[in-house]
Amino acid sequence: MHPTKISETLSIAGQPALTDFEKLAAQGFKAIINNRPDGEEAGQPGSAAERKAAEDAGMAYSFIPVTGPTITEADVAAFGAAVARASGPVFAHCKSGTRALTLHVLGEVLAGRLSADAIVGFGQTLGFDLAGARAWLDRHAVGAPQVTGFYEPRSGSIQYVVTDPATKICAIIDPVLDYDEKSCATATTQADTILAFVREKGLRVDWILDTHPHADHFSAAQYLKSKTGARTAIGAQVVAVQKLWKDLYNLPDLATDGSQWDRLLAHGERFRLGSLEVSVLFSPGHTLASITYVIGDAAFVHDTLFMPDSGTARADFPGGSARALWASIQAILAMPDETRLFTGHDYQPHGRAPRWESTVGQQKLTNPHVAGEDEASFVALRQARDKTLPMPKLILHALQVNIRGGRLPEPEANGRRYLKIPLDAFTGAAWDETAS
């Protein structure tokens, strides 16, 4: 193992042995970044063993597993963030060092600190072939739309700004309103971060799009509408969700016609985002109202498919259906293999950094809930898995807000707003889980 020094803060190398970690700490390294997926080859230590070795040696550890064809902007951003938060020099590795260096140079180019034309030559001076990095940038340059993901760690949600590069017109998809269930405090930190990005990039927000009424976080759609004047939209079947939950919450005054949004979108409907066309794909299963937005080569698949290492979304909420979810997934996977898929959640399996972009081809090949499965086996797998899952901790808090399009309850006579929580609405209490 001979680290190649890239800068004062970053060195890269091939796979180190676990016994090398104490030596790396002695050399002054303060953090390890592992860019190898587990199980790439026999004898590879793996992330869990590396994390322990790094921590035992007093170093921070980050797991950002990538392969050449599957690198995304989220991976590039995670790599840069891991280097930035380190308290000293960083040792990053993969099998040979090439992927670690690729993540670094892509970050440098996207930040404007390195020319795309310079990266191949830069790699050659260090003994690395960075042709793959240049090819990634070429694909990125011609991709439409431009997609920026914002990860919300409390719920594992991803919010998106989707931009037409020709007009600088954008849409915001599935924005989050901050809510702390212990203090019952609300805040607009996540939404304000998106607004700051929009201002910084000189964008105009035309649409605020919900994929479905979320059960694990509040929607910031109304807040963002008040700040931008953008139109709001959701799938037309939201009216069925409203009727279902109106009775559960006993909300006699709740309008169940979807009028809380500016536009209800039907399957196959199309509308414009600047010069780009947006088409709507009805994708029920996780909820009655779920839809997918298809914009150019990008599809926003909400809670149907997660990242390929995470499987698929649950289908046991009121109105959910594993069979309907399978049909929705098949419709998504019927798109071209190179279609970019952007998921609604990521729960960081094995402690890796958050990811949210895959492709149809990757999902078909490597998602364990899809590859080699048929409808019957998927339904059995999904239903068995769902029986083990607790209800989301915010489902009763969030849905009364989200079926109103992200509006909080109106203030009462004392000027304070109140949530309404129905008691004994669901089975699966914590003591039932403990007893089982």
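The values are calculated or read from the model by the stated rules, or taken from the named source; none is laboratory data. Computed from a predicted model, the values in this text were never measured in an experiment. Using ideal geometry, Cβ is built from the backbone for each residue, glycine included, and neighbour counts are taken over all protein chains shown. For the accessible areas, the whole protein counts, side chains as well, though only heavy atoms, and no ligand, DNA or RNA atoms are used. Shrake-Rupley method; radii C 1.70, N 1.55, O 1.52, S 1.80 Å.
Want the number for residue 417 to residue 40: 0.36 nm per residue separation, take away the alpha-carbon distance, what's left?
The residue 417-residue 40 span can extend by a further 130.4 nm.
Measure off, as a whole percent, the carbon and sulfur share of the 1.4 Å-probe accessible area of the chain, all protein chains present.
Numbers: 10220 of 19180 Å².
Heavy-atom surface of the chain belonging to carbon and sulfur, 1.4 Å probe: 53 percent.
Counting only DSSP beta bridges with both residues in the chain, what percent are antiparallel, rounded to the nearest 5?
The antiparallel fraction comes to roughly 55 percent.
Enumerate the calculated ³J(HN,Hα) couplings along the stretch 289-304 in order (Karplus 6.51 cos²θ - 1.76 cosθ + 1.60, θ = phi - 60°), each rounded to whole Hz, writing x wherever the residue is Gly or Pro.
10, 4, 10, 10, 9, 10, 10, x, 8, 10, 10, 9, 9, 6, 9, 10
Would you kindly give the portion of the calculated P(r) for the stretch 145-291 that falls above 27 Å, as a percent of all Cα pairs?
Numbers: 2294 of 10731 pairs.
Cα-Cα pairs in the stretch 145-291 separated by more than 27 Å: 21 percent.
Could you tell me how many cubic angstrom of Cα convex hull volume the stretch 213-298 has per residue? Write down the numbers at each step before the final one.
On the way: hull volume 10.0 nm³, N = 86.
So the per-residue hull volume is 116 Å³.
Counting every Cα pair in the stretch 49-98, what percent are over 13 Å apart?
Numbers: 771 of 1225 pairs.
When all Cα pairs of the stretch 49-98 are counted, 63 percent exceed 13 Å.
Going from the alpha-carbon gyration tensor of the stretch 1-73, what semi-axes, largest first and in whole Å, does one get by taking the root of 5 times each eigenvalue? Mind showing how you got there, number by number?
Numbers: eigenvalues 75, 49, 26 Å².
In descending order, the three semi-axes are 19, 16, 11 Å.
log10 I(q)/I(0), Debye, Cα-only the stretch 305-382, no solvent, q = 0.11, 0.18, 0.23, 0.26 Å⁻¹?
So the normalised log intensities are -0.27, -0.72, -1.14, -1.35.
Would you mind giving the average projected area, over all directions, of the Cα convex hull of the stretch 238-358 in nm² with one decimal? Let's see the in-between values first.
Numbers: hull surface 36.0 nm².
About 9.0 nm², averaged over all directions.
So, with +1 on the Cβ of K and R and -1 on the Cβ of D and E, and no other charges, what is the size of the charge dipole of the stretch 331-436 about its Cα centre, to the nearest 20 debye?
It comes to approximately 460 debye.
What share of all Cα pairs of the chain, in percent, falls into each consecutive 10 Å distance bin?
4, 20, 28, 25, 16, 6, 1, 0
Dividing the alpha-carbon radius of gyration of the stretch 53-144 by 2.2 N^0.38 Å (N being the number of residues), what value is obtained? If you can, show how the numbers build up before the last one.
Values: Rg = 13.6 Å, N = 92, 2.2 N^0.38 = 12.3 Å.
Taking the Cα Rg and dividing by 2.2 N^0.38 Å, one obtains 1.11.
Kindly rank 40-49, 240-249 from highest to lowest mean number of other beta carbons found within 10 Å of each residue.
On the way: 40-49: 12.7, 240-249: 18.0.
Ranking, from highest mean packing down: 240-249, 40-49.
Send over a whole-number figure in Å² for the accessible area per residue of the stretch 179-230, probe 1.4 Å.
Working: 2230 Å² over 52 residues.
Heavy-atom accessible area per residue stands at 43 Å².
Towards the positive end of the charge dipole of the stretch 102-185, with charges on Cβ (+1 Lys, Arg; -1 Asp, Glu), say which of 141, 171, 116 has the farthest Cα.
116
Put a dot 7 Å past each Cα toward the Cβ at residue 185 and residue 347; how far apart are the dots in nm?
2.7
Apply the a/c threshold of 1.5 to the C-alpha gyration tensor of the stretch 368-418 and tell me whether it is rounded, prolate or oblate. Please report the intermediate quantities before stating the final value.
Values: a/c = 5.94, a/b = 3.40, b/c = 1.75.
Prolate shape, in that a/c is at least 1.5 and a/b is the bigger ratio.
Which of 423, 265, 203 ends up with the largest GNM mean-square fluctuation for the chain, with Cα atoms connected below 10 Å?
Maximum among the listed residues: 423.
Once you charge only the Cβ atoms, +1 for Lys and Arg and -1 for Asp and Glu, what is the size of the charge dipole of the chain about its Cα centre, to the nearest 20 debye? All intermediate terms of the calculation are to be shown ahead of the outcome.
Working: 41 positive and 49 negative charges, 151 e Å.
For this selection, approximately 720 debye.
Using the Kirkwood radius over C-alpha pairs as Rh, can you work out the diffusion coefficient of the stretch 77-130 via Stokes-Einstein at 4 °C, viscosity 1.567 mPa s, in µm² per second? Walk me through the numbers on the way to the answer.
Numbers: Rh = 11.7 Å.
D = 110 µm²/s.
Report the local net charge at residue 278: Lys and Arg +1, Asp and Glu -1, summed over other residues whose C-beta lies under 14 Å from its C-beta. Each step should come with its number before you reach the end.
Details: positive: 231, 263, 270, 272; negative: 164, 206, 210, 269, 277, 297.
Summing Lys/Arg as +1 and Asp/Glu as -1 gives -2.
Looking at the stretch 105-154, which trypsin sites (Lys or Arg not before Pro) are in a loop (DSSP not H, G, I, E or B) and have at most 15 other Cβ atoms within 10 Å?
Values: sites: 113, 134, 139, 154; in loops: 113, 154.
Those satisfying the criteria are 113, 154.
With all distinct Cα pairs included, what does the Kirkwood hydrodynamic radius of the stretch 120-209 come out to in Å, to one decimal, could you say? Walk me through the numbers before you get to the answer.
Values: mean 1/r = 0.0644 Å⁻¹.
It is 15.5 Å.
Antiparallel versus total DSSP beta bridges in the stretch 162-241: what percent is that, nearest 5? Walk me through the numbers before you get to the answer.
Details: 8 of 16 bridges.
The antiparallel fraction comes to roughly 50 percent.
Can you check how the C-alpha radius of gyration of the stretch 197-237 compares to 2.2 N^0.38 Å, as a plain ratio? Show your work: numbers first, answer last.
Working: Rg = 11.5 Å, N = 41, 2.2 N^0.38 = 9.0 Å.
The stretch 197-237 yields a ratio of 1.28.
Is any residue of the stretch 216-234 close enough, with backbone N under 20 Å, to a label point placed 7 angstrom from the Cα of residue 407 along the Cα-Cβ axis, and if so, which?
Under 20 Å, as judged by backbone N against the label point of residue 407, lie 217-234 of the stretch 216-234.
So, by mean Cβ neighbours within 10 angstrom, what's the order for 405-415, 320-330 with the highest one leading?
Working: 405-415: 12.9, 320-330: 20.3.
The peptides rank, most packed first, as 320-330, 405-415.
Calculate the radius of gyration of the Cα atoms of the stretch 308-434 to one decimal place, then report Dmax, the largest Cα-Cα distance, as a whole number, both in Å.
Expressed in Å, the Cα Rg and Dmax of the stretch 308-434 come to 18.2, 58.
How big, in percent, is the set of alpha carbon pairs in the stretch 51-205 lying more than 26 Å apart?
The answer is 40 percent, as a whole percent.
Report, ordered by chain and residue number, the lysines lying within cross-link reach of residue 182, taken as a straight Cα distance under 28 Å and ignoring same-chain residues fewer than 8 apart.
Here the lysines satisfying the reach criterion relative to residue 182 are 225, 227, 246, 387, 393, 420.
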